[in-house]
Amino acid sequence: MDYQELNQIISSRPLIIGIGNDLRSDDGAGVILVRRIQNAGYKNALIVGGTPENYLQKIITLPGESRLWIDAVNWGGPGGGYKIIRKEEISHFAISTHNFSLSVITKFLNEFRPLPDLFLGIQPENMELGENLSPPVERAIDELAEIFIDQLGISSVS
């Protein structure tokens, strides 16, 4: 993970979008992380769950110089690993359990409001039904929450 790149992205105060289903274990990683960022006081964040296509109008109107999508992404790394994925790379990875292509969504959004779209992928270990995260993904969310809170200059994780 390139922490300098992640810190640079976060310090630009992007619109942060959490994707996933927190009833399917690690698939909820994006939702849980963004909820923690919101609870710490960052207002420019949105949880779209498993249906980002239902939030297109809201995403277009929210402020930010970029969009940072956070989701469980099976990129073949160790459980709880995370990495920045460029928009051009997104079609090479299995993205969460939602059905609508993020490539199609970002293309649509850029027709109305062109912004860089970046993806923070968290490698899931368990995608079974259940509300508990696997220990490696839980540790990753703790670590990432601290990084976001530090870089955004907001309070603390709730």
(message) Can you find a residue that is more than 12 Å from the chain's Cα centre (by Cα), among the β-branched types (Val, Ile, Thr) and more than 10 Å from Ile16 (Cα to Cα) anywhere in the range 60-67?
(response) yes
(message) Take the residues in the range 91-117 that are crowded, with 19+ Cβ neighbours inside 10 Å and either part of a strand (DSSP E or B) or charged (D, E, K, R) (or both); name whichever of them is modelled with the lowest pLDDT.
(response) Ile95
(message) Suppose we keep only residues that are over 22 Å from Glu143 (Cβ atoms) and assigned to a loop (DSSP other than H, G, I, E, B) within the range 44-59. Which one would you say is nearest to the chain's Cα centre (by Cα)?
(response) Gly50
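Of the residues Gly76, Gly80, Gly41, which single one is within 15 Å of the chain's Cα centre (by Cα) and not β-branched (Val, Ile, Thr)? Reasoning before the result, please.
Details: Gly76 fails: within 15 Å of the chain's Cα centre (by Cα); Gly41 fails: within 15 Å of the chain's Cα centre (by Cα).
Being within 15 Å of the chain's Cα centre (by Cα) and not β-branched (Val, Ile, Thr) holds for just one of Gly76, Gly80, Gly41, which is Gly80.
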(request) Go through the range 4-14 and give me each residue that's touching a Gly at 6+ places or on another chain (Cβ under 9 Å) and without any contact (Cβ under 8 Å) to a residue 60 or more places away in the chain. (result) Ser12
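Identify, from the list Leu120, Leu33, the residue that is in a helix (DSSP H, G or I) and within 22 Å of Leu6 (Cβ to Cβ). Walk me through how you get there before you give the answer.
Numbers: Leu120 fails: in a helix (DSSP H, G or I).
Criteria check complete, one pass: Leu33.
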(message) Out of the residues in the range 37-56 meeting the condition of being modelled with pLDDT of 95 or more and either aromatic (Phe, Trp, Tyr) or crowded, with 22+ Cβ neighbours inside 10 Å (or both), tell me which one is farthest from Leu144 (Cα to Cα).
(response) Tyr55
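Does Ile84 satisfy the condition of being part of a strand (DSSP E or B), of a type outside the set (Ser, Thr, Tyr) and surrounded by fewer than 18 Cβ atoms within 10 Å (Cβ to Cβ)? Lay out the reasoning, then the answer.
Numbers: part of a strand (DSSP E or B): yes; of a type outside the set (Ser, Thr, Tyr): yes; surrounded by fewer than 18 Cβ atoms within 10 Å (Cβ to Cβ): yes.
Yes, satisfied.
Name the residues in the range 60-81 that are part of a helix (DSSP H, G or I) and polar (S, T, N, Q), would you? Reasoning before the result, please.
Step one: list which residues in the range 60-81 are part of a helix (DSSP H, G or I), which gives 60-61.
Within the range 60-81, Thr61 is the sole residue that qualifies.
The values are calculated or read from the model by the stated rules, or taken from the named source; none is laboratory data. This is a predicted model, so every value here is computed, not measured. Counting neighbours? That spans all protein chains shown, and the Cβs are built from the backbone with ideal geometry, glycine included.
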